[in-house]
Amino acid sequence: MKVTVITISDRASRGEYEDLSGPEIIRILREGIPEGLEIAYAVVPDEADRIIAELDAAIGGDEPSDAVITTGGTGIGPRDITPDISREWCEKELPGIAEHIRSESCKETPMAMLSRGYAGLRGTTVLINLPGSVKAVRLGARLLIPVLKHAPLMIRGEGH
């Protein structure tokens, strides 16, 4: 399984602070999928062209990523554009993923209702937006483990 993790943050992309959320997603994925996991990782600013370039890179080449997980840019701030770009980039929506993540996150904090995270499918690649906080990605990434294991089987027509 190949997964691309993209941190979307102006400040982290400029080196103003260390990205902690992307590496936390990677750690959790390696724990939950210990065998046969390949991970690509990038940090980009909250700029549409840079986000799209990373998404396109994840599906380009000989072996596209089975999943792309983004962290950051899902809120209601003026530069939070991740869900908007993701919605345009995807061909099919997978609303249950984002709904479940929000629902579980609301058990931790009511502020999770302000997350606009999106999930969808482009080709054979599942795209999932997680918020930018380490606490939120810990929960979200753990919730995603069974989905990440099962979705490629369904996409390839190998059944439920």
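Looking at LEU114, LEU127, can you tell me which residue is over 11 Å from LEU94 (Cβ atoms) and out of contact with any Lys or Arg (no Cβ under 8 Å at 6 or more places or on another chain)?
Matching residue, one of LEU114, LEU127: LEU114.
So is PRO64 under 20 Å from ALA151 (Cα atoms), of a type outside the set (A, V, I, L, M) and open to solvent by 30 Å² or more (accessible area, probe 1.4 Å) or not?
Yes: the conditions hold for PRO64.
What number of residues within the range 27-37 satisfy the criterion of being under 15 Å from the mean Cα position of the chain (by Cα) and either closer than 17 Å to VAL126 by Cβ or open to solvent by less than 20 Å² (accessible area, probe 1.4 Å) (or both)?
Here the count works out to 2.
What residue, among those in the range 1-23 that are touching a residue at least 40 places away in the same chain (Cβ under 8 Å) and farther than 17 Å from VAL134 by Cα, is surrounded by the fewest Cβ atoms within 10 Å (Cβ to Cβ)?
Filtering first and then ranking leaves MET1.
Given the criteria modelled with pLDDT under 95, part of a helix (DSSP H, G or I) and among the hydrophobic types (A, V, I, L, M, F, W, C), does ALA151 qualify?
In short, yes.
Tell me, yes or no, whether the range 118-132 has at least one residue that is farther than 17 Å from ASP66 by Cβ, at pLDDT 95 or above and not small (Gly, Ala, Ser).
Yes, that holds for at least one residue.
Please work out if LEU153 is farther than 19 Å from ILE26 by Cα and open to solvent by 20 Å² or more (accessible area, probe 1.4 Å).
Here the answer is yes, as LEU153 does meet what is asked.
Any idea which of (1) within 14 Å of the chain's Cα centre (by Cα); (2) modelled with pLDDT under 95; (3) not hydroxyl-bearing (Ser, Thr, Tyr) is the one GLY157 doesn't satisfy?
Result: GLY157 fails condition (1) only.
Scan the range 120-132 and tell me whether some residue there is under 16 Å from the mean Cα position of the chain (by Cα), surrounded by fewer than 19 Cβ atoms within 10 Å (Cβ to Cβ), among the polar types (S, T, N, Q) and more than 15 Å from ILE6 (Cβ to Cβ).
yes
Looking only at the range 118-135, count every residue that is within 18 Å of SER21 (Cα to Cα) and either in contact with a Pro (Cβ under 6 Å, 6 or more places away or on another chain) or touching a residue at least 60 places away in the same chain (Cβ under 8 Å) (or both) and tell me the total.
9
PRO78 fails exactly one of the following numbered conditions: (1) more than 17 Å from LEU130 (Cα to Cα); (2) part of a helix (DSSP H, G or I). What is the number of that condition?
The number of the failed condition is (2).
Residue-wise test of (1) in contact (Cβ under 8 Å) with a residue 24 or more places away in the chain; (2) in contact with a Pro (Cβ under 7 Å, 6 or more places away or on another chain); (3) open to solvent by less than 30 Å² (accessible area, probe 1.4 Å); (4) closer than 19 Å to ASP19 by Cα.
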{"site": "ILE69", "(1), (2), (3), (4)": "yes, no, yes, yes"}
{"site": "THR82", "(1), (2), (3), (4)": "yes, no, yes, yes"}
{"site": "CYS90", "(1), (2), (3), (4)": "yes, no, yes, no"}
{"site": "SER103", "(1), (2), (3), (4)": "no, no, no, no"}
{"site": "LYS107", "(1), (2), (3), (4)": "no, no, no, no"}
{"site": "ALA112", "(1), (2), (3), (4)": "yes, no, yes, no"}
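The values are calculated or read from the model by the stated rules, or taken from the named source; none is laboratory data. Note that this is a predicted model, so its numbers are computed, not measured. Cβ atoms come from the backbone with ideal geometry, glycine included; neighbour counts cover every protein chain shown. To get the accessible areas, we keep the full protein, side chains included, count just its heavy atoms, and leave off ligands, DNA and RNA. Shrake-Rupley method; radii C 1.70, N 1.55, O 1.52, S 1.80 Å.
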